[in-house]
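Encoded as structure tokens, the structure appears first; notes follow it.
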Amino acid sequence: MPLMTSISGLRGTIGVDVEGLHPPQIVRAVSAFATWCKDNTNSTDLKIVVGRDARPSGKWISMIVESTLVMMGVDVLQLDLATTPTTEMAVRYYDAHGGIVITASHNPIEWNALKFLNREGEVLSPDDFQSLSAFFDQSTFTYAPIDSFGNVYRCTDALDHHVCAILSLPLVRTEAIRKRKFRIVIDGINSVGALAVPALMQALHCDYEVLHATMDGRFVHNPEPLPEHLHDLCRRVKEVGADLGIAVDPDVDRLVFIDEHGQPFNEEYTLVAAADYVLSQHPGNTVSNLSSTQALRDITLKYGGNYAASRVGEAHVIQRMKETNAVIGGEGNGGVIYPPLHYGRDALVGIALVLSGMIHFDYTLSQWKQQLPQYIIYKTKMPLDRAVSLPTLLTRLSNKTPVDVQSIDQSDGIKWYFNDGWVHIRPSNTEPILRIYAEAPTREEAQERAETFVQYIQQEIEEIVNS
């Protein structure tokens, strides 16, 4: 696939496409980021944290990233194998000037990416990414003389710091969880989840086992933690009589639960459950993106707070959370953002909050799910034909409005609101596809809505191509 540059970073395939993510693009992007950091921090003694997930290309890309930074005169704080949230927190912990995470998140093994972090350890804001993008096309960069190269420091305590910070949160019931002795099965997807989730389980004195625990990045199933990819985990939870199952994506910023019956809790409800617990203790505002379930809105209103929707993308969610002073937020893909820890999607803090909620409410996961607002999202996607103008397509689709639509939001693609759900169509930030999501009280209604709009899209594309 062609190299994709978006607010989510620089992402592409490795060695399978002439336009993919290759050494020249990596060197240029890292050089641009180092230059941008120097301009934005007014510092000549830069320190940048580097971490990666376990996919095979990560080790070699990390060498290129590290070497480029050193030759830019930047000190590298090398975490090696580390989750995205651990790397984010390490930027503040080590008082660095920025960070680079080498991960393609949920994409297949042939993909990899560079995710850039600011001095706060947060993904770049839309404005910051726009200013960084101006450096990507720069023809030359200033590299350091031989006696001013940066140094490389191997950092080994970042995960320990991350776990300790979670256990110190007031709403994490550390001692109660330790006494409860939860029995948990983990799907480590052969990446850094097999390192980080067990570290949290050990600290919480949980009884656990790990499936797919070889950190070689060779995924045994599709790495996106969706129910259709988690059959091994569901089966094992039932076999051993576990309290729950935990699945994460390769860089551990997305979190999915399996209940005690071996049934998916649904990735959309990870954030809803965490928010239900947090809001019961600390009422306030919440944020999720436009493609996330409206169950979070319902829960927020129940506790007297205000809900706001952002554009899709972690940076947009964080920006909206800061604007509304949200106490918790995230994305319906299983991404929980809890500001008392840090502004970043974090599966580990999501686990701790949900375990605390199970103790607080005295629920099993299946019982908890029954108490939450009930909606179903049907998700599908279509290839995005580069010959079709996306603005033209969206403009034409905006006129395809069913009579029962209550309102339309065009801040990120198009979202049609119905009385009992919605349909959202938007281009992906991470793949050359068009995503079509629909929510309704039942799967049948959600699927019917999505398929209706797929037909609209196909009709409009045919008319554009033939015009």
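Just so you know, all these numbers are worked out from the coordinates, no wet-lab data involved. These figures come from a predicted structure and were not determined experimentally. As a convention, Cβ positions derive from the backbone with ideal geometry for all residues, glycine included, and neighbour counts pool all protein chains shown.
Observations on the model:
- Taking all Cα pairs closer than 8 Å and separated by 6 or more residues, the relative contact order of region 92-133 comes to 36 percent.
- Charge dipole (Cα centre; +1 on Lys/Arg Cβ, -1 on Asp/Glu Cβ; no other charges) of region 160-252 amounts to roughly 500 debye.
- Cα-projected label distance for Thr452 with Ala176, points at 7 Å along beta-carbon direction, nm: 4.4 nm
- Reach of Lys400 by Cα under 17 Å, taken over lysines that are not fewer than 8 positions away in the same chain: Lys415
- Whole-Hz ³J(HN,Hα) from phi, Karplus 6.51 cos²θ - 1.76 cosθ + 1.60, for region 435-442, glycine and proline x: 9, 10, 10, 9, 10, 7, x, 10
- In this rough spin-label picture, where each label sits 7 Å from Cα along the Cβ direction, the Glu444-Thr214 distance is 4.5 nm.
- Per residue, the convex hull around the alpha carbon atoms of region 376-466 comes to 87 Å³.
- Dipole of the chain computed with +1 at Lys/Arg Cβ and -1 at Asp/Glu Cβ about the Cα centre; of His212, Gly12, Ala134, farthest Cα towards the positive end is His212.
- When the charge dipole of region 162-361 is built from unit charges on Cβ atoms (+1 for Lys and Arg, -1 for Asp and Glu) and taken about the Cα centre, the candidate among Leu233, Ser191, Ala352 whose Cα reaches farthest toward its positive end is Ala352.
- Net charge contributed by nearby residues that have their C-beta within less than 14 Å of His162 (K/R +1, D/E -1): -4
- Radius 9 Å from Cβ of Ala242, net charge of other residues (Lys, Arg +1; Asp, Glu -1): -2
- With 0.36 nm allotted per residue and the present C-alpha distance subtracted, the Phe136-Ser280 stretch has 47.3 nm of extension available.
- Furthest towards positive pole of dipole, Ala440, Asn466, Pro402, structure part region 376-466, Cβ charges: Asn466
- Only Lys, Arg (+1) and Asp, Glu (-1) charged, at Cβ; the chain dipole about Cα centre in debye: 460 debye
- Length-normalised contact order for the chain - Cα pairs under 8 Å, 6+ apart - percent: 12 percent
- The order of Ser148, Ser62, going from fewest to most other C-beta atoms within 10 Å of their C-beta, is Ser148, Ser62.
- Straight Cα distances below 20 angstrom link Lys38 to the lysines Lys47, Lys115, with same-chain residues fewer than 8 positions distant left out.
- Each of Ser411, Ser57 was scored by other Cβ atoms within 10 Å of its Cβ. Arranged with the fewest first, they read Ser411, Ser57.
- Fewest neighbouring Cβ atoms within 10 Å first, the residues Lys115, Lys302, Lys369 line up as Lys302, Lys369, Lys115.
- Span-like helix ranges in the chain, DSSP H, alpha carbon extent 20 angstrom or more, Kyte mean at least 0.0: 56-71, 268-281, 347-361
- Mean separation of Cα contacts under 8 Å (6+ apart) over length of region 201-269, as relative contact order %: 25 percent
- Each Lys or Arg adds one and each Asp or Glu subtracts one; over the other residues with Cβ under 11 Å from the Cβ of Asp253, this totals -4.
- Given charges at beta-carbon only (K, R positive; D, E negative), |dipole| of region 5-78 in Debye: 120 debye
- DSSP beta bridge pairing in the chain, given as percent antiparallel to the nearest 5: 60 percent
- Between Thr395 and Asp409, the modelled label-to-label distance comes to 2.4 nm, taking each label 7 Å out from Cα in the direction of the beta carbon.
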